[in-house]
Structures are given as C-alpha cells and as structure tokens.
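The block underneath contains the structure these notes are about, expressed in structure tokens.
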Amino acid sequence: MPEPGPSRILLVVLVVITLVAAALGVWGANYLLVPKAKAPFPTVQVGDNVSVNYIGSFGSGPQAGRTFDTSLFNVYQNNATYPKSLQFASTHGGSPTTYKPLDVHVGGSGQYTIGNSTFGSTVTGFWQGLVGMSGNQTRFLVIPPALGYGAINPACTETFPLAFSVPVVIVVPASNFTVRFPGATLSAGTTFTDPTYGWTDLVLSVNSTAVAVEHLTSVGETTPSGAWNITVTQVTTTTISVQVDITTSNYGRVLGTFPSARACPPGSQSTDMHYEILSVNSVAGTFTINWNSEVTGQTLLFQVTIVNILKG
C-alpha cells in the first residue's frame with residue numbers, strides 16, 4: 001500500500017489543530033461567560049476592630065434632631081444642616097485635627113492597641129449596629145436608652161416652681177453677706193445687682209451680726225435669673241411675686257451653669273457645670289432641671305460609615 005504523501009500528512013495535522021483550537025475556544029467562551037463566585041467582602045463581626053465616621057443626633061426629647069457629636073469636621077462647621085445641641089460647644093473644639101474616625105472594638109469592653117491606634121468600647125447599641133457592615137458602607141442606627149446611656153438618674157434632677165414669692169426685705173448674717181452677695185459693698189445705703197434675681201438691692205442697715213437688704217423692683221420688670229428670665233407680677237409691702245420665663249416651647253433651648261460642678265450620680269467622679277431643663281409641668285406649675293449627661297435617657301440616632309476593618 002503506498003505511503004501517504006507529505007500533503008496528506010500536513011492536511012491531517014491541520015485538521016487536528018483546528019479541532020483542538022475549536023475545543024479550546026468553546027471552553028474559553030464557557031469559562032468567560034459562566035458567572036464565577038466572587039470572594040466575599042469582609043464584614044464587621046464581633047471581635048473585630050473598626051474605624052468609623054459618625055454623626056450622632058437626638059431622636060427624642062426637646063432637642064430631637066440636633067447633633068450632639070460627630071467625627072467629621074465639615075459637620076462641625078455646618079450648623080444649617082446640622083444644628084447643634086445645647087452642650088455641643090462645651091465638648092467640641094474647632095481644630096480640624098481633632099475630628100477623625102472613631103476606633104471601636106466590636107463587642108464587650110476593654111481596649112485593644114494595634115499599631116498607633118487604640119480601639120475602645122462603646123455603648124452596646126453602637127457596636128451592635130456595626131456588625132455585618134462592610135468597608136465604606138453607611139448605615140443608620142436607632143439606639144434606645146437601654147442600649148445607649150441608660151435611664152435618667154432622678155438623683156441628678158431637681159424641681160422648682162414656675163411662680164414663687166420673695167420677701168421685699170431679707171436679713172442675712174453679716175458673716176455670710178459676701179458669700180450671698182459676692183462683690184457687694186457691706187455698707188448701709190449702697191446698692192448692687194442681686195446675683196440671683198438680677199434686680200437692684202439696697203443695703204438698709206448693718207450691725208455686727210446681721211445685714212438687712214431690700215429688693216428694689218416693680219411690677220413688669222424682667223431680669224435675667226440664671227439661664228432664664230423672671231418677670232415681677234406683683235409687689236406688696238412685704239412680698240414680691242415673680243414668674244419664671246420657661247414654657248413648654250422654650251425649655252429645650254435653655255442651658256444653665258452651676259456655680260460649681262455637681263457630680264452625677266452624687267459622689268461619683270463624673271461632674272458637670274451644666275444643666276438643662278428636663279421638663280415643664282404647666283398644670284403643676286413646676287419645671288425640672290437635669291444635670292445627667294446630655295445623652296442620658298434619650299433615643300440616639302447615628303449615621304455611621306465604616307472606614308477600615310481589622311479582623312479579630
């Protein structure tokens with residue numbers, strides 16, 4: 001039988017190459033067209049350490065909608081979009097370098113130092129709300145008091161009347177005069193501004209043990225008294241009646257300052273010079289001041305964005 005010529009051998013080789021190429025093409029097309037499983041993005045889990053930007057605002061109370069904390073300098077600057085809480089200015093500076101992502105350990109308590117960063121604990125509702133988030137994701141958290149800063153401690157509140165009376169003339173011990181009226185001259189006939197009620201006082205008489213002081217005011221006079229105004233509603237020979245200028249419409253706008261810091265709870269190391277109006281009871285004719293932390297007892301809203309995740 002004759003040997004196949006070179007042309008026939010070449011033809012067979014070309015056919016084989018063509019078939020292999022076609023098979024590889026079909027395989028390649030299928031490989032490219034069939035969806036492939038992608039590696040999942042890492043998500044925040046309990047035990048991780050994360051850096052997060054946030055904007056915190058009130059979801060309840062008279063300051064609902066106001067921003068009380070943020071890690072973003074542009075939010076600090078923008079009061080039109082982000083109106084600030086009563087105590088925001090006392091806890092935040094204006095340097096851009098002080099605004100940076102918060103380093104959070106997700107779960108439990110304690111601190112974890114990684115490189116130059118220290119990841120600390122937060123309220124339960126905050127770190128729980130981060131679980132399941134991925135990098136650059138933004139989420140909105142609603143944190144009730146039970147998962148935030150707890151209920152208001154009644155020992156850090158005090159109730160006063162909205163209307164009360166003051167004697168026209170008071171007698172104070174001579175030894176206590178400069179404490180009661182700092183800066184006033186202890187001399188009969190001198191006048192000074194009353195540090196409590198804002199009206200004019202007159203030193204009527206002075207002896208070795210007592211000082212008589214007369215409150216000089218008239219009906220309709222309005223004067224500053226602490227963080228609010230008072231208005232004189234009636235004056236008799238013995239009594240001055242006044243009305244405190246606090247209503248249900250303005251009590252969420254009043255921030256007071258104590259002469260000295262008060263601890264909350266009493267006896268603790270946590271102290272503050274400030275207090276707010278907690279509530280107004282127009283039926284009972286009273287208002288209540290509160291020197292718990294501003295965020296205590298409130299539902300808190302957070303907009304959070306994950307910046308970085310370090311797996312635990």
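Before moving on, here are some points about what is shown:
- First in segment 65-78 and closer than 12 Å to Pro96 by Cβ, second anywhere and of a type outside the set (Gly, Ala, Ser) and part of a helix (DSSP H, G or I), Cβ under 7 Å, 6 or more apart: Phe73/Pro96
- A search for C-beta distances below 7 Å between a residue of segment 90-103 that is assigned by TED's automatic domain parsing to the domain that holds Thr305 and any residue that is surrounded by fewer than 17 Cβ atoms within 10 Å (Cβ to Cβ), counting only pairs 6+ apart in sequence or on different chains, returns Pro96/Phe73; Tyr99/Phe73; Pro101/Val307; Asp103/Ser117; Asp103/Thr118; Asp103/Gly120.
- Number of the condition not met by Gly226 [criteria: (1) modelled with pLDDT under 95; (2) within 21 Å of Val283 (Cα to Cα)]: (2)
- Any hit, segment 101-116, residues being exposed (fewer than 14 other Cβ atoms within 10 Å of the Cβ) and closer than 30 Å to Leu255 by Cα: no
- Among the criteria (1) crowded, with 17+ Cβ neighbours inside 10 Å; (2) assigned to a helix (DSSP H, G or I); (3) of a type in the set (A, V, I, L, M), the one Ala89 does not fulfil is (1).
- In segment 270-312, the residue that is farthest from His105 (Cα to Cα) out of those that are charged (D, E, K, R) and buried (at least 22 other Cβ atoms within 10 Å of the Cβ) is Glu276.
- Positions within segment 152-188 being in a strand (DSSP E or B), aromatic (Phe, Trp, Tyr) and surrounded by 14 or more Cβ atoms within 10 Å (Cβ to Cβ), in sequence order: none
- The number of residues in segment 135-151 being loosely packed, with under 13 Cβ neighbours inside 10 Å and on the phi > 0 side of the Ramachandran plot comes to 1.
- The one condition in (1) on the phi > 0 side of the Ramachandran plot; (2) in contact (Cβ under 8 Å) with a residue 24 or more places away in the chain that Gly115 fails to fulfil: (2)
- Any chance Asn207 is more than 30 Å from Gly65 (Cβ to Cβ), of a type outside the set (A, V, I, L, M) and not assigned by TED's automatic domain parsing to the domain that holds Ser85: yes
- Checklist (1) surrounded by fewer than 18 Cβ atoms within 10 Å (Cβ to Cβ); (2) under 23 Å from Gly129 (Cβ atoms) applied to Asp69, failing item: (1)
- The set of residues from segment 189-213 being touching a Leu at 6+ places or on another chain (Cβ under 7 Å) and surrounded by fewer than 16 Cβ atoms within 10 Å (Cβ to Cβ) comprises Thr191, Thr200, Leu202, Ala212.
- Residues considered: Val20, Val44, Val50. Of these, the only one that is surrounded by 10 or more Cβ atoms within 10 Å (Cβ to Cβ) and at pLDDT below 55 is Val20.
- Among the conditions (1) under 19 Å from His274 (Cβ atoms); (2) among the hydroxyl-bearing types (Ser, Thr, Tyr); (3) assigned by TED's automatic domain parsing to the domain that holds Ile240, the only one that Thr178 does not satisfy is (1).
- Selection status of Gly135, in contact with a helix residue (DSSP H, G or I) (Cβ under 7 Å, 6 or more places away or on another chain), over 25 Å from Gly252 (Cα atoms) and not aromatic (Phe, Trp, Tyr): no
The values are calculated or read from the model by the stated rules, or taken from the named source; none is laboratory data. All of these numbers come straight from a predicted model, not from anything done at the bench. FYI the Cβ positions are ideal-geometry reconstructions off the backbone, even for glycines, and counts take in every protein chain you see.
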